[in-house]
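To start, the structure itself, in C-alpha cells.
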Amino acid sequence: MLIFNYDLKLYICNPKKDRIHIKFNPMTKADIVTKISEKLGIEKGDVQATVEAFMEEVKLSLEAGEDVFLRGFGSFIIKTRAEKTGRNISKNTTIKIPAHNIPSFKPAKVFVEGVKNNVKVK
C-alpha cells in the first residue's frame with residue numbers, strides 16, 4: 001500500500017490498481033553480439049552468424065521433437081499442454097482448446113543460484 005501526502009491531505013493508493021511501471025532496458029541480440037565480439041576479438045558479423053546459427057539449431061531441434069540440454073546453462077524442452085475448455089467472454093460461448101506442445105526453457109541449478117545470489121529483489 002502506498003501513502004502519499006499532498007497539501008496535508010492523505011491519499012492511500014491500492015498497489016493492485018495503481019501499478020508502478022519500472023522501465024528497464026532488456027539485453028537484445030545485438031547487445032549479445034557486441035559483448036561477445038568485444039570479449040573474443042571476433043568481428044560482429046561472424047559472431048552474429050554464429051548466434052543466429054545457434055538459435056536456428058535450437059529451434060529446428062525442438063520442432064523435430066528433440067530437447068536441447070546445455071550443461072551449466074539450462075534445457076530447452078517441449079511441454080505438452082492438455083486439452084481444455086476455454087471461454088469467449090464477448091460471445092458468451094465455450095470453445096475446445098486442443099492439446100498442444102509448446103517450447104519451454106528450464107534453467108540449470110547453477111544458473112538459478114547465480115541469479116538468486118546476484119540480483120536484488122525489486
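The values are calculated or read from the model by the stated rules, or taken from the named source; none is laboratory data. Keep in mind that this is a model prediction, so the values were computed, not measured. Positions of Cβ are generated from backbone atoms using ideal geometry, with glycine treated the same way; all protein chains shown enter the neighbour counts.
Here is the figure for segment 70-100: residues that are touching a residue at least 24 places away in the same chain (Cβ under 8 Å) and touching a Ser or Thr at 6+ places or on another chain (Cβ under 8 Å) total 4. The single condition among (1) at pLDDT 95 or above; (2) under 27 Å from Val121 (Cβ atoms); (3) not β-branched (Val, Ile, Thr) that Gln48 does not satisfy is (2). Among the residues of segment 47-62, those that are surrounded by 12 or more Cβ atoms within 10 Å (Cβ to Cβ) and charged (D, E, K, R) comprise Glu52, Lys59.
So that you can scan it fast, the table gives a plain yes or no per residue for (1) within 25 Å of Thr34 (Cα to Cα); (2) in contact with a Gly (Cβ under 6 Å, 6 or more places away or on another chain); (3) of a type in the set (Phe, Trp, Tyr); (4) outside any helix (DSSP H, G or I):
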residue: Gly45; (1), (2), (3), (4): yes, no, no, no
residue: Gln48; (1), (2), (3), (4): yes, no, no, no
residue: Glu56; (1), (2), (3), (4): yes, no, no, no
residue: Leu62; (1), (2), (3), (4): no, no, no, no
residue: Ile77; (1), (2), (3), (4): no, no, no, yes
residue: Glu113; (1), (2), (3), (4): no, no, no, no
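Of the residues making up segment 44-73, those that are farther than 13 Å from Pro103 by Cα and touching a helix residue (DSSP H, G or I) at 6+ places or on another chain (Cβ under 7 Å) are Lys44, Val47, Gln48, Val51, Gly72, Phe73. Annotation: of all residues in segment 79-97 being among the small types (Gly, Ala, Ser) and part of a loop (DSSP other than H, G, I, E, B), the one that is surrounded by the fewest Cβ atoms within 10 Å (Cβ to Cβ) is Ser90.
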